There are 2 protein chains.
Amino acid sequence: MIEKALREQIKEVAVEHFNTNGYHGTTIRNIAKDVNCSLPMIYYYYKNKKELFDEIIKKEYFNLLEKQASLLKIDNIINFYTKFIYDLNSLSNYDKQVYRLGVKVYLSFDGDEELMNHMDEWEKSILPRHCKILKPYMKNVNNEKVVVRTLVHLLETMIINIVVKNRYLPEDEIREEISIVLQNCG
Amino acid sequence: MIEKALREQIKEVAVEHFNTNGYHGTTIRNIAKDVNCSLPMIYYYYKNKKELFDEIIKKEYFNLLEKQASLLKIDNIINFYTKFIYDLNSLSNYDKQVYRLGVKVYLSFDGDEELMNHMDEWEKSILPRHCKILKPYMKNVNNEKVVVRTLVHLLETMIINIVVKNRYLPEDEIREEISIVLQNCG
DNA sequence: TCCTTTATTTAACGTTCGTTATAATAATAG
DNA sequence: CTATTATTATAACGAACGTTAAATAAAGGA
């Protein structure tokens, strides 16, 4: 227990490598070198390169998304979305890299068709979820769906800025932009 | 004349391959096979793999961006931005793939540090340019900078949707979302 | 015509890749 | 103490990679 389980350690290093060099640019040998284990150890814990990559996306990334989506407690709707985005700034390095890798697959910059289908499934759930969250605050708004769509699009860019481009977004900038889109929502 | 044909053909096929498989996933052999020429012909026209990739980004992608940025004629500001985005739908396949590849480098999912610096240079010019375009329409808006920033963020997502995720965005959806952000601009 | 330059191919070099067969070690259980 | 199982390492396989040397073909003046 002093040493982190080797299997986990391999996964962590793999996340870094896939992130920096992409799937094809990542080599099992380099992972092993950084983990400080012999090459076949990676095959001892993972069937092959693809399974290692898949586990990162299917388990780590989607766990992260679900955790992120579940920590809801709403008072003011603008505060809610501001916090939702702002908290991404303080994700652990590992989580940020997993997130980044997930976005990469989501944009089909990496991974394969099978992983893309997982992504599409998730994506379908996004608009309805935010529609539900926002509904109570949309009494005096006529173009409900457009506002939700616009907000989701804006959130996407901010997520990419923080997680993919690894930039810090200050809380007030986030709030300002969200407020522009939600300015008619009480 | 024949020379140019082959050189261009190599570049076109390379764009496809880099797009589909990334830099590391693309092999010179596969490009040659699709071009229907022998392998060393690629080295006859391009010094090496990296130079081929660099030329696509540095020439093709930035040409595209500048062409895109220069076709301005403004009447109504919402019409202007709507058209700006909507026209991306009808880019040629080649241009769309070049654009996609550029975005991939921009998000540092591919390419190297040197190319990223090119991207950063361009990025710095974005906000000022849109500020200038929007300034005349911002008379009765107090939070000018926030509006511009939000708009640029929204545009980015729509660009990614059309060019990276290869989706068709209908004109009215684009107009609706832009209108949300620019609703106080005359 | 011959010669020089351009365009293209065949064949191979050395390297690195993903993956595995095999063996050695450490841990555990009986 | 021994038998068995769980880990780890050494060494190598065949395939594919980026790249180049060398030879050949085509073209175009002189």
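The values are calculated or read from the model by the stated rules, or taken from the named source; none is laboratory data. The shown structure was predicted, so the numbers you read here are calculated from the model rather than taken from an experiment. Note: ideal-geometry Cβ built from the backbone for every residue, glycine included; neighbour counts use all protein chains shown. These accessible areas exclude ligands, DNA and RNA; they are computed on the full protein's heavy atoms, side chains included. Shrake-Rupley method; radii C 1.70, N 1.55, O 1.52, S 1.80 Å.
Structural remarks
- All positions within segment A:41-95 that are open to solvent by less than 80 Å² (accessible area, probe 1.4 Å) and aromatic (Phe, Trp, Tyr): A:Tyr45, A:Tyr46, A:Phe53, A:Tyr61, A:Phe62, A:Phe80, A:Tyr81, A:Phe84, A:Tyr86, A:Tyr94
- Scanning segment B:130-151 for residues that are more than 10 Å from every other protein chain (Cβ to nearest Cβ) and part of a helix (DSSP H, G or I) yields a count of 10.
- Yes/no for A:Val147 being at negative phi and open to solvent by less than 10 Å² (accessible area, probe 1.4 Å): yes
- Test: residue in segment B:111-129 that is of a type in the set (S, T, N, Q), open to solvent by 50 Å² or more (accessible area, probe 1.4 Å), facing chain A (nearest Cβ under 9 Å) and free of Cβ contacts under 8 Å to residues at least 12 places away in the same chain: no
- Condition met for A:Leu154 (within 27 Å of B:Val141 (Cβ to Cβ) and within 13 Å of chain B (Cβ to nearest Cβ)): yes
- Neighbours by Cβ (under 7 Å, 6+ apart or cross-chain): first from segment A:25-37, within 12 Å of DNA strand D (Cβ to nearest atom); second in a helix (DSSP H, G or I) and polar (S, T, N, Q): A:Val35/A:Gln9
- Scanning segment A:150-173 for residues that are of a type in the set (Ser, Thr, Tyr) and surrounded by 12 or more Cβ atoms within 10 Å (Cβ to Cβ) gives A:Thr150, A:Thr157.
- Residues in segment B:20-40 that are crowded, with 17+ Cβ neighbours inside 10 Å and within 11 Å of DNA strand C (Cβ to nearest atom) were compared, and the one that is nearest to the other protein chains (Cβ to nearest Cβ) is B:Ile28.
- Residues in segment A:1-41 that are outside any helix (DSSP H, G or I) and in contact with a His (Cβ under 6 Å, 6 or more places away or on another chain): A:Thr26 only.
- Positions within segment B:157-172 being more than 10 Å from every other protein chain (Cβ to nearest Cβ) and under 22 Å from B:Asp75 (Cβ atoms), in sequence order: B:Leu169, B:Pro170, B:Glu171
- Applying a threshold of 9 Å to beta carbon distances and a minimum spacing of six or more residues, or different chains, the list of pairs starting in segment B:42-53 at a residue that is outside any helix (DSSP H, G or I) and ending at one that is open to solvent by 10 Å² or more (accessible area, probe 1.4 Å) and within 15 Å of DNA strand C (Cβ to nearest atom) reads B:Tyr46/B:Arg7; B:Asn48/B:Ile28.
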